[in-house]
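Bear in mind that the values in this text are calculations on the coordinates, not laboratory data. Because the structure is a prediction, the values reported are computed rather than measured. Ideal geometry is used to build each Cβ from the backbone, glycine not excepted, and the neighbour counts take in all protein chains shown.
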Ligand SMILES: *Cc1c(COP(=O)(O)O)cnc(C)c1O
């Protein structure tokens, strides 16, 4: 689906929800996509992209960032402590902060680099064993801990379980964010971004609906 269609659908969802279009950021999730698809979206003028893996992003984005210095990159996938430096050098936002050790490592590196990406705390709203993120009950304590490290906390992020109604998870994430005074809500993917907008998403992460199905590697 062309990028313009996705933008139209976000605009329509904002209108229905009585929200301002400028309050919703579209992150085009380019992981594993062939370069020509990403280049087409860059050529269409889009500048905000998401990737899941530091190493994959390191391999392809520096050249595109050079050609388009206004590109902003968001890391959406899990971050290992030993990848914090390259992640912070490459990305403008990290959506997968989920443990104190990682927060401390990011805080140390922010001192060294003199800058820090915007951080979203990932919440495992469905409390799934295999999924990254903090259980909802630990969010308040963790947010306080991260604030104590003086890190730029932008908001919360979730990936609802595939077999459940996403709106319950979006509503829970919004409640947790409101309770903690956090403005950002990273939620909604190709199948449910309009619903996420209705529940207050500020960042929707849309991959296959923009680029087509991901080509298996
Ligand atoms: C892959 C991915 C997306 C995009 O998924 P689509 O269903 O292709 O839109 C969004 N968020 C995260 C965390 C992802 O890993």
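Here is how the numbers come out for the structure above:
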quantity	calculated
Hits in region 118-138 (condition: farther than 20 Å from residue 180 by Cα and either within 14 Å of the ligand (Cβ to nearest atom) or surrounded by 14 or more Cβ atoms within 10 Å (Cβ to Cβ) (or both))	128, 130, 131, 132
Residues located in region 196-217, provided they are more than 14 Å from the chain's Cα centre (by Cα) and within 13 Å of the ligand (Cβ to nearest atom)	208, 209, 210, 211, 212, 213, 214, 215
Where a residue in region 151-172 is at positive phi and free of Cβ contacts under 8 Å to residues at least 12 places away in the same chain and its partner, wherever it lies, is outside any loop (DSSP other than H, G, I, E, B) and surrounded by 16 or more Cβ atoms within 10 Å (Cβ to Cβ), with Cβ under 9 Å and at least six apart	none
Complete set of residues in region 166-193 that are within 16 Å of the ligand (Cβ to nearest atom) and either more than 17 Å from residue 14 (Cβ to Cβ) or surrounded by fewer than 19 Cβ atoms within 10 Å (Cβ to Cβ) (or both)	166, 169, 173, 189, 190, 191
Test result for residue 100, out of contact with any strand residue (DSSP E or B) (no Cβ under 7 Å at 6 or more places or on another chain), within 16 Å of the ligand (Cβ to nearest atom) and either touching a residue at least 12 places away in the same chain (Cβ under 8 Å) or within 19 Å of residue 186 (Cα to Cα) (or both)	no
